[in-house]
Structure formats: structure tokens, C-alpha cells
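The next block holds one structure in the form of C-alpha cells; read it before the comments.
The values are calculated or read from the model by the stated rules, or taken from the named source; none is laboratory data. Fair warning: this is a prediction, and the values are worked out from it, not measured in the lab. Here the Cβ positions follow ideal geometry from the backbone for every residue, glycine too, while neighbour counts run over all protein chains shown. Accessible surface is based on the protein model in full, side chains and every heavy atom, while ligands, DNA and RNA are left aside. Shrake-Rupley method; radii C 1.70, N 1.55, O 1.52, S 1.80 Å.
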Amino acid sequence: MTVRHSLLAALVATIWGFNFVVIDWGMDGVPPLLFLAIRFTAVIFPAVFLVRRPDAPWRTILAIGAFMSLGQFGLLYVSMHVGMPPGLAALVLQAQVIFTIAIAAGWLKEVPTAPQIAGVLLGSAGLAVVAAGRGGHVTVLALVLCLSAALSWGVGNVLSRSAGIAGGLSLTVWSALVVPLPLFALSLLLDGPAAVGSALAGFGWDSAISTLYTAVLASLVGYGIFNSLLARYPSSAVVPWILLAPVVAMASAWWLLDQRPNLAETAGGAMLLAGVLVALRPQAQARPKIRSASVESAASSSSAGGRGSSNIQS
């Protein structure tokens, strides 16, 4: 990757890392499912009138949106609402890489490589350490919801891969159509019309700024840059940059929210990221051991010529 594209990849990781703190800040006083429905409404409009629909069946587009957007972010927002800290949420969500590899192996029959298997085992151990050492300030429910969000993201990744759709801004926008109405209906059902009406009436500038950040920067700009980089370079060169996101999320949560990770969370998080790095490590290409016939022929001619010259000189 060029320096410019590396800086763009780092920018995406920074935007996505800080996004967790912005979500936590803007969701204050707004039910999580309602807040997410408003975010994806902003993702869709007016972009849906400006971006062409992906060349894929509707059922494929909506299925990807159901897992990659509706499932992932719905579970993530609820997880953060019930107590998952932003920094730890960003970290645990990276388990999506592990889930993607495991699901692709069973569903698409993509045999994982030795580094991928090692990465899955190391990352799983890291998640176990995080779960065991959550320090009492993170409930089991919040952790399970966040892991379920990572699982939903992994399923969405495999759906997109099996459909053969090149990820892009159009897929981000059009697959988001499946998100707002179900979440708004669920918020009405779970939170009640009174709570939804009160939240909409009191929707302040902080929630509005958070919505604009998550919709415009995190979704449209972030995925736009990320998918353009994936179109230029192998995923093994682009995806590891996103491992900076949990670092940014935990640092910003520590700085702005005074949420300091404990030793177990730090150690388990390091193991998880190490597992992801190992799983994403590209396979070394085997070097040919047998020279081609033309090379052998050239070598023989050179050798014969050398002997002839030697005989003439003698």
C-alpha cells in the first residue's frame, strides 16, 4: 500500500474506533433501538437516490443487511445500553474475524489454513480471559450480546462473499433499507410509545451530532474508503489496519469517559488481537524447486559453450 492509502486506512480505523464513544455519548436518554433506527434512516436518505442499487437479487441485499447491519448494530447498541463499555465493545467485536473464518469453513467449505486455525484458538482464549476477568462492571448479558453482534457480522461477511458482491458504498446504502422499520417497531414494542415519543421530542443536539457522525462518517465515509481500498489491495493488506479501532476506542474511552480497562481485559484483548493478526497472516508462496526446461537448456548450452572455448584456448 502507498503511504497515502495507508493513511486513509488508519483514518478509517480512527473513525470507527472513536465511533463507539460517540454512540455511548449520543445514546443518553434515547432507547438504543430507536437511536439505531434514526442512524440508518440518515444512512439511507438521501443517498439511496444518488447511489445505484447493487447488481444482485433483493433477497441477497436484504439478507446481508439483516445480518451485517440490523443484527450486528442492533445487538451492539443494546449491549452498550446494558453496560458494555465502548472500548471493550470495540475489542470484543473483533471476534467477527474468528467467526467469519469458522462459518466460511463450514458453510462455504473453505478449508482454513494453519495460521487461521491458530488464530481462532488464540482469539478464543483471549475472549475467555476477557469474559473471566470482566471485573464485575460488565454483565454476562452485555458480553453475550456483544459477541452475538460479532457473530451476526461474521454471518453477514460470509453471505456477502458467497453472493459474490464486491463490497461498496451502494451495498452499504441499499442493504440498510432493512434496518429502520423493524427497529422502530421493536422500540415501540419494548420501550413503549410514551418512551419513544419522549425521546423523539427531546432529541437534542448531542444525539443529532452523534447520529450524523455514525451515519455520515462511520457508515458512508468509513465504508466508502474501506471498500475502495479492498478493491485495490488484498484483504490481508487492508483488514489488519482496522485492528487499530479497538486501540482508538479504548484510549478515547479512557481519556473522555474515564473507563480504564483492567488487567484481565487488557491481557485478553491483546490475545484476541494477536489471534486476529495470526489469522489474517497471508500464506507464503512456495518457491519453485525445479528450474524450467528453457533454463536448463540455456544452462547446458552455456556450459557446452564454456567447454568449447576452453578447448580452443588449449
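Here are a few things to note about the model shown:
- For the stretch 254-266, the Karplus equation 6.51 cos²θ - 1.76 cosθ + 1.60, evaluated at θ = phi - 60°, returns couplings of 5, 6, 9, 10, 6, 9, 8, x, 7, 4, 5, 5, 5 Hz by residue, with Gly and Pro reported as x.
- For residue 207, net neighbour charge (Lys/Arg +1, Asp/Glu -1) across residues whose Cβ lies under 11 Å away: -1
- The Rg/Rh ratio for the stretch 55-121 is 1.07, where Rg is the radius of gyration of the alpha carbons and Rh is the Kirkwood radius.
- For the stretch 187-234, the share of accessible area belonging to carbon and sulfur comes to 71 percent (1.4 Å probe, ligands and nucleic acids excluded).
- The smallest convex shape that holds all Cα atoms of the stretch 138-258, its convex hull, gives 158 Å³ per residue.
- Residue 45 versus residue 198: modelled label distance in nm, points set 7 Å from Cα along the beta carbon direction: 2.6 nm
- Residue-normalised accessible area of the chain, expressed per residue, 1.4 Å probe, Å²: 50 Å²
- The structure-derived value of P(r) over Cα pairs in 10 Å bins from 0, in percent appears in the list (i) 6, 27, 36, 23, 7, 1; (ii) 6, 24, 32, 20, 6, 4, 4, 3, 1, 0, 0; (iii) 6, 25, 31, 22, 11, 4, 1, 0 under the label (ii).
- Averaged over residues, the count of other Cβ atoms within 10 Å places the peptides 55-66, 144-155 in the sequence 144-155, 55-66, highest first.
- Segment residue 111-residue 4, length gained on full extension (0.36 nm per residue, minus Cα span): 35.1 nm
- Candidates 218, 47, 201: whichever shows maximal mean-square fluctuation once the chain is modelled as a Gaussian network with Cα springs under 10 Å: 201
- Estimated inter-spin distance, residue 188 and residue 254, nm [label 7 Å along Cα→Cβ]: 4.5 nm
- GNM flexibility winner over the chain from 29, 87, 123 (Cα, springs under 10 Å): 29
- Cα gyration tensor, the stretch 55-196 - rounded (a/c under 1.5), prolate or oblate: oblate
- Separation of alpha-carbon centers, the stretch 4-21 and the stretch 184-262, rounded to whole Å: 12 Å
- Taking 217, 70, 36 in turn, the Gaussian network model of the chain (Cα-Cα springs below 10 Å) assigns the largest fluctuation to 217.
- Each Lys and Arg adds +1 at its Cβ and each Asp and Glu adds -1 at its Cβ; summed about the Cα centre, the chain shows a dipole of about 1180 debye.
- Prolate/oblate/rounded label for the stretch 182-236 (Cα gyration tensor, a/c 1.5): oblate
- Calculated mean residue ellipticity, 222 nm, the chain: -22000 deg cm²/dmol, from DSSP H runs (n ≥ 4) at -39500 (n - 2.57) each, averaged per residue and rounded to 500.
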